[in-house]
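Heads up, the thing below is written out as structure tokens.
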Amino acid sequence: MHEDGRVYGNKIVKKVVCWDAIDERNVWNEYETHAYVWEHAPWCACVRSHIEPKKNPAIYNMNMMRYPRWLVTELTYRCPLSCFYCSNPTHMSTKNELSTEDWLSVFSQARDMGCVQLGLTGGEPLMRNDLTTLVKEARAMGFYTNLITSAVGLTRKKIDVLKMAGLDSVQISFQAENRQLNEYIGGKDTYDKKVDMMRAVKEAGMPLTLNVVIHRLNIDRMPDICKFCDSMNPDHVEIASVQYHGWANTNRRQLLPTPEQVQRAQKAIETYQQSSTSGVYYVLPDLIEKRAKPCQQGWGTTYICINPQGNVTPCLSAHTLPSVKSIIPNVRKHTLEAIWNGEVFSKYRGIDWMTEGAKHHPRRDEDLGGCRCQTFLLTGNECAMDPVDDTSVHHDTFQRRVMEDYSTPVDLKSLLPRRVATTPR
């Protein structure tokens, strides 16, 4: 019962935190069917408080505004790779990282507030010598723990140790299914290592997610990328379009694919989705969309993101906003609850910050105003309607800018690789 319950718990937690992407009736059916597990398994207890309010949408909406669900921890900016598309800041430090005790305090506060899912990311989280301790203590607190890694630094022994500590799932990224291209994009020959660790995670009986970020350098290989993913038999595949922040924005003109490339890739992905037994997730990039997407399911409603030095924001790119960067709170000076209810997290909640046109827009409750960081990057105005939306006054300018970017001939020599020190703390 213990192992079955844990496997079930892992699946249901992931569904709860991604509620908007699924039919809620499926969760309710599982909730009622596995009532014993919900009542007795400690790894499920952490999400009951988030499932119950769904019986009353008004209570649910209030609770989701009051309590975060996701804790995203950038444990370090150190990384052995130098990907051109990295969304980490272009100016980042490997000094003054939070200590083990700092992180455990953060975990405890987040659980007390209602967070159920913990993303351990970076940089490369395996460069933290205390990763096993962090996983073990997070599991004891009731978190669903997810390691997001390049697999560089991972070993079969480490997988076993992390599993014993309570790690629930592993996400391994790769840059391409082709060895040479994988090395070129990542800056290091990691192909064999990644393939070996993908197999090792499956052999250890742990849920495996593969993540590949698509851009102009690899998008035309999408049929082969899909075949590669299928050969690894993952539980989930995330095919992600580049988010043009950090280093990716610096290299935007060399990375942005054409609409025709995106459409061809989309057909390959749809074919893969129909034939694969894995859960395959893909979201169209904004360059060919006409509808804005909600920012992190709503600014300051779902996610708490913490960087290696302890700065806390509602999303990983919020530090780029001029009105935010000078007032970003830090966990060494403030409690998470105070931060959650403070100025930065409240800034773009609700609709009070919106322009009059956005407040009365028919899709307001669907896109929640769109992405603030992207909007500022493209318009210079944090409060404007997301220019991706075809009703935005900035949409035509956005379209012209995108066309200029993807029409630029690829100049590989102009690509700037991510750079940061990799000396262990």
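The values are calculated or read from the model by the stated rules, or taken from the named source; none is laboratory data. What you see is a predicted model; the values in this text were computed from it and never measured. Counting neighbours? That spans all protein chains shown, and the Cβs are built from the backbone with ideal geometry, glycine included. The protein model used for the area step is the full one, side chains on, heavy atoms only, and it has no ligands, DNA or RNA in it. Shrake-Rupley method; radii C 1.70, N 1.55, O 1.52, S 1.80 Å.
Taking the Cα centre of segment 323-409 as origin, work out the dipole magnitude from +1 charges on Lys and Arg Cβ and -1 charges on Asp and Glu Cβ, in debye rounded to 20.
Result for segment 323-409 is approximately 460 debye, rounded to the nearest 20.
A 32 angstrom limit on the alpha carbon distance is what I want to check against. Which of LYS188/LYS227; LYS158/LYS227; LYS290/LYS347; LYS194/LYS347 exceed it? Write out the running numbers ahead of the final one.
On the way: LYS188/LYS227 23 Å; LYS158/LYS227 28 Å; LYS290/LYS347 26 Å; LYS194/LYS347 40 Å.
The pairs that break the limit, which is 32 Å between Cα atoms, are LYS194/LYS347.
Which value in nm describes the separation of the simple spin-label points at ARG332 and ARG349, placed 7 Å from the Cα toward the beta carbon?
Each label point is offset 7 Å from its Cα along the Cβ direction, giving 2.7 nm.
Tell me, in nm to one decimal, what length is gained between GLU203 and ASP365 on full extension, where the rule is 0.36 nm per residue of separation less the Cα-Cα distance? Could the numbers behind the result be given before it?
On the way: separation 162, 0.36 × 162 = 58.32 nm, distance 4.33 nm.
Length difference between fully extended and current span is 54.0 nm.
Sort largest first and round to whole Å: the equivalent ellipsoid semi-axes of segment 273-425, each the square root of five times a Cα gyration tensor eigenvalue.
Largest first, segment 273-425 gives 27, 24, 18 Å.
Using 7 Å Cα-to-Cβ label points, what is the GLU270/LYS325 separation (nm, one decimal)?
4.1 nm
So, R0 is 35 Å and r is the distance between the beta-carbons of GLU356 and LEU412; what FRET efficiency does that work out to, to 0.05?
0.15
THR132 versus THR155, label points 7 Å from Cα toward the beta carbon: distance in nm?
The answer from the label model is 1.0 nm.
Can you give the accessible area per residue of segment 164-269, in Å², using a 1.4 Å probe?
38 Å²
Using only the alpha-carbon atoms, what does segment 142-291 span along each of its principal axes? Please give whole angstrom values in decreasing order.
Largest to smallest, the principal-axis extents are 46, 33, 31 Å.
Ignoring ligands, DNA and RNA, please state the percent of accessible area on segment 77-131 from carbon and sulfur, probe 1.4 Å.
Carbon and sulfur together cover 44 percent of it.
Could you compute Rg(Cα) / (2.2 N^0.38 Å) for segment 209-257, with N its residue count? Working shown, then result.
Details: Rg = 12.1 Å, N = 49, 2.2 N^0.38 = 9.7 Å.
For segment 209-257, the normalised Cα radius of gyration is 1.25.
Want the number for ARG401 to THR277: 0.36 nm per residue separation, take away the alpha-carbon distance, what's left? Let's see the in-between values first.
Values: separation 124, 0.36 × 124 = 44.64 nm, distance 3.88 nm.
So the chain would gain 40.8 nm between ARG401 and THR277.
What order do PHE107, PHE228 take when sorted by accessible area (1.4 Å probe), most exposed first?
PHE228, PHE107
Could you pull the Rg and Dmax for segment 222-286, using just the Cα atoms, both in Å?
12.9, 37
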